[in-house]
Amino acid sequence: MSIIKLIDLPELSDSRGGLVAIESGLSIPFDIKRVYYIFGTCEGMVRGFHAHKALEQVAVCVSGKCRMILDNGKSREECWLDSPSKGILIENMQWREMHDFSDDCVLLVLASEHYDEGDYIRDYQVFLRECENV
Ligand code: TYD
């Protein structure tokens, strides 16, 4: 099964312009407890480079684009987030990296839990070891 799970967010755009509505439990397969967004990323900068033990997230570029890499410890896949109606599900125990942010990129992230540094795995070798124990 593919690591990349895209979610078609419902577009309600009309002749006036764009509108996307996101609802917990409908297009998003968890209750949303936290929302954050990444913007103004400096040229050439990369983000992510961690996994979460339990947290689930959906990420969507509401403006611009970036390249998302997901890695489950066995294989690695990537895709462009380049549409405000294209969400990507980031499950627990998936290493994520974000690259090639456009100048206008605003990456919105919906998260299943409040912020908890204890849920992060920030070392790739530790992540690989944890994957083997699952
Ligand atoms: P981090 O998750 O490492 O960013 P990225 O994955 O985009 O590279 O977060 C950067 C810093 O911000 C880190 O010190 C943790 C803090 N932070 C919070 O305090 N609350 C949050 O909801 C998030 C996402 C990060």
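The values are calculated or read from the model by the stated rules, or taken from the named source; none is laboratory data. As the structure is a computational prediction, the values presented were derived from the model and not from experiment. No Cβ is skipped: glycine too gets one built from the backbone with ideal geometry, and neighbour counts run over all protein chains shown.
Residues checked against (1) within 14 Å of VAL58 (Cα to Cα); (2) more than 10 Å from the ligand (Cβ to nearest atom); (3) touching a strand residue (DSSP E or B) at 6+ places or on another chain (Cβ under 9 Å):
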position: LEU81; (1), (2), (3): yes, yes, yes
position: LYS86; (1), (2), (3): yes, yes, yes
position: ASN92; (1), (2), (3): yes, yes, yes
position: ARG122; (1), (2), (3): no, no, yes
position: GLN125; (1), (2), (3): no, yes, no
position: ARG129; (1), (2), (3): no, yes, no
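Residues being away from the ligand (no atom under 16 Å from the Cβ), in a helix (DSSP H, G or I) and over 12 Å from the mean Cα position of the chain (by Cα) are entirely absent from the range 55-72. Only a single criterion out of (1) under 14 Å from the mean Cα position of the chain (by Cα); (2) of a type in the set (Val, Ile, Thr); (3) more than 24 Å from ILE121 (Cβ to Cβ) is not satisfied by ILE32, namely (3).
Pairing each residue of the range 80-97 that is of a type in the set (Asp, Glu) with any residue that is modelled with pLDDT of 95 or more, provided the two are 6+ apart or on different chains, yields C-beta distances under 6 Å for ASP82/LYS65; GLU91/GLU56; GLU97/GLY48; GLU97/PHE49; GLU97/ILE69.
Summed over the range 110-134, residues that are buried (at least 18 other Cβ atoms within 10 Å of the Cβ) and within 21 Å of ILE7 (Cα to Cα) total 3.
Taking each residue of the range 100-127 that is touching a residue at least 60 places away in the same chain (Cβ under 8 Å) and of a type in the set (Lys, Arg) and looking for partners that are within 10 Å of the ligand (Cβ to nearest atom) and assigned to a strand (DSSP E or B) with beta-carbon atoms closer than 6 Å, six or more apart or interchain, yields ARG122/HIS50. For the range 110-117, indicate whether the set of residues that are in contact with a Leu (Cβ under 9 Å, 6 or more places away or on another chain), within 14 Å of the ligand (Cβ to nearest atom) and closer than 18 Å to LEU9 by Cα is non-empty. Yes.
Within the range 36-54, if we keep just the residues that are within 10 Å of the ligand (Cβ to nearest atom) and outside any strand (DSSP E or B), the residue that is nearest to ILE121 (Cα to Cα) turns out to be VAL46.
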